[in-house]
1. Would you check if residue 63 is at pLDDT below 70 and part of a loop (DSSP other than H, G, I, E, B)?
2. List pairs: first in region 1-26 and in contact (Cβ under 8 Å) with a residue 40 or more places away in the chain, second assigned to a helix (DSSP H, G or I) and surrounded by 10 or more Cβ atoms within 10 Å (Cβ to Cβ), Cβ under 9 Å, 6+ apart or cross-chain?
3. Restricting the search to region 22-42, which residues are exposed (fewer than 10 other Cβ atoms within 10 Å of the Cβ) and modelled with pLDDT under 80?
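The values are calculated or read from the model by the stated rules, or taken from the named source; none is laboratory data. Bear in mind the structure is a predicted one, so any value in this text is a computation, not a measurement. Counting neighbours? That spans all protein chains shown, and the Cβs are built from the backbone with ideal geometry, glycine included.
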């Protein structure tokens, strides 16, 4: 075999190894449950800072920012 052929075979082997490791990591990630923080804490801080309105301040002027009607 030429050195180029050996190099290509080694690179393909490394790529297959990397794909295998990523597959294992992905299956472990999908099997574990991810805890999502509740939105009640975020809503409480948003409502306390915005006053009487229940919409956060950065969303109140959203239609004018994106050119909505």
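1. No.
2. Partner pairs satisfying both residue conditions: none exist.
3. 32, 33, 34, 35, 36, 37, 38, 39, 40, 41
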